[in-house]
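The values are calculated or read from the model by the stated rules, or taken from the named source; none is laboratory data. All figures in this text were calculated on a predicted structure; none of them were measured in a lab. Here the Cβ positions follow ideal geometry from the backbone for every residue, glycine too, while neighbour counts run over all protein chains shown. Only protein heavy atoms, including side chains, enter the accessible area calculation; ligands, DNA and RNA are left aside. Shrake-Rupley method; radii C 1.70, N 1.55, O 1.52, S 1.80 Å.
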Amino acid sequence: MTGTVTEAARTLLAADNILILTHRRPDGDTTGCAGALCRGLRQLGKTAYILKNVELTRRYEPLIAPCYAPADFAPACVVTTDIADYGLLTDNAEPYRDRLDVVLDHHRSNAMAAPVRVVRETAGACAELIADVLDEMGVELTADIAECLYIALSTDTGCFRYSNTTPDTLRIAARCLEAGVDGGEINRRLFEVKSWPRFQMERIIFDTMEFLMDGKIALVIIRRADINRTGADMDDLDSIASLTRQIEGVQVGITITENTDGTSKISVRTTKEVDASAICAKCGGGGHLRAGGASLSCGPDEARDQIVDAARQVYAESELN
């Protein structure tokens, strides 16, 4: 049930008709990893596709949409990139739940099973693992592959600002720049430019942010009515959970987003004092030390009570250690 980069590379080199899966609410890491891996496999003469993700936003569409599998594609090998749990499989990926061949991830809470399962918890982004697999297979780092990897690395590390940034993160990013990636333009596009709906949503967030435990916890609820009123889409809300952690003194930032069906998506961001994944685990989720998430079937106000209670418990436990 476990494996190494070498075993993953050997499995992929021996396979053909490969299908790559990305997770729900796809971010830059899952899409960048899938895009880089698919292009690398094709460079080696493999038939490789990415399963269509209906939640894909315009920001990451160029990374994977050109590689979507045709409706009649019958894969012989199924690979996941950056998927930590079965609950993160898209609806159209459910038929492959019990037939995963290779799992490639960096979440320590990973609960996926496969004959080859490589989980590098120390990686700042799953892209670090993908880069090693591509190297092991002998794939040339072309500009299009490098762009996918660079976007994956930069988005999962907050443009290389977060504490999960590793020496390997920067080494691989440097290789991507050497391969012809315009890092400055990508960084500007992903981290500086704001759409008008995004600007409006940020204003609402700062106006309604709630502070608990003497400012150690910051919490915001993104309500569906505000999303609809501003015209924001999932692309406009990308990485918006990081705003809560920008306030001085905040050690736990909680963002609750009301889904279209009235359920709630939880995003937790923490400083080095508190384990974000431990907070989310109490609500059925998981993630990393500094970033975690969970989904609750209740509305945002009830979700608030549950996640705040979890945050208080984990914070109290952290003070004892």
| field | All aspartates and glutamates inside 20 Å of Lys272 as judged from Cα atoms, apart from same-chain residues fewer than 8 positions distant | value | Glu121, Asp156, Asp214, Glu248, Asp309, Glu317, Glu319
| query | One-quarter of the Cα convex hull surface for region 1-69, in nm²? | reply | 4.9 nm²
| Could you give me the ³J(HN,Hα) list for region 256-267, computed from phi with Karplus coefficients 6.51, -1.76, 1.60 and θ = phi - 60°, whole Hz, x at Gly and Pro? | 10, 10, 7, 6, 4, 8, x, 7, 10, 9, 9, 10
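With charges set only on the Cβ (+1 for Lys and Arg, -1 for Asp and Glu), what does the dipole of the chain come to about its Cα centre, in debye to the nearest 20? Show your work: numbers first, answer last.
Numbers: 34 positive and 48 negative charges, 31 e Å.
Computed about the Cα centre, the dipole is about 160 debye.
So with the 1.4 Å probe, I'd like the accessible area per residue for the chain, rounded to whole Å².
43 Å²
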| Under the Karplus relation 6.51 cos²θ - 1.76 cosθ + 1.60, θ = phi - 60°, what is the ordered set of whole-Hz ³J(HN,Hα) values for region 91-98, x standing for Gly and Pro? | 4, 6, 8, 4, x, 9, 3, 9
| request: Calculate, in nm to one decimal, what Thr271 and Ala65 gain on full extension: separation in residues at 0.36 nm each, minus their alpha carbon distance. | output: 70.7 nm
| query | Rounded if a/c is under 1.5, else prolate if a/b beats b/c, else oblate: with a ≥ b ≥ c from the C-alpha gyration tensor eigenvalues square-rooted, which is region 173-321? | reply | oblate
| remark: Heads up, region 159-222 by the C-alpha gyration tensor (a ≥ b ≥ c square roots of eigenvalues; a/c under 1.5 rounded, else a/b over b/c prolate, else oblate) looks oblate
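Cβ neighbours within 10 Å, averaged per peptide: list 29-37, 192-200 in order, most packed at the top.
Descending mean neighbour count gives 29-37, 192-200.
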| remark: Mean Cβ-within-10 Å packing, highest first, puts peptides 168-177, 153-162 in the order 153-162, 168-177
| Can you list the HN-Hα couplings for region 14-21, worked out from phi with the Karplus curve (6.51, -1.76, 1.60; θ = phi - 60°), rounded to whole Hz and with x for Gly and Pro? | 7, 9, 8, 6, 9, 10, 10, 9
| remark: If amide H atoms are modeled at 1.01 Å from N in the peptide plane, then the residues at a separation of 5 or more from Thr47, or on another chain, having amide H under 5 Å from its own are Asn17, Ile18
| said: I'd like the antiparallel share, as a percent to the nearest 5, of DSSP beta bridges with both residues in the chain. | reply: 50 percent
| What shape does region 1-154 take by its C-alpha gyration tensor, where a ≥ b ≥ c are the square roots of the eigenvalues and a/c under 1.5 counts as rounded, a/b above b/c as prolate, and the rest as oblate? | rounded
| Taking every DSSP beta bridge that has both residues in region 211-308, what percent is antiparallel when rounded to the nearest 5? | 75 percent
| query | Within the accessible area of the chain, what % is carbon and sulfur when the probe is 1.4 Å and the other protein chains stay in place? | reply | 48 percent
| message | Among DSSP bridges having both ends in region 79-238, what percentage is antiparallel? Round to the nearest 5. | response | 30 percent
| For the charge dipole of the chain, defined by +1 on Lys and Arg C-beta atoms and -1 on Asp and Glu C-beta atoms about the Cα centroid, which residue among Ala218, Leu100, Gly183 has the Cα displaced farthest towards the positive pole? | Gly183
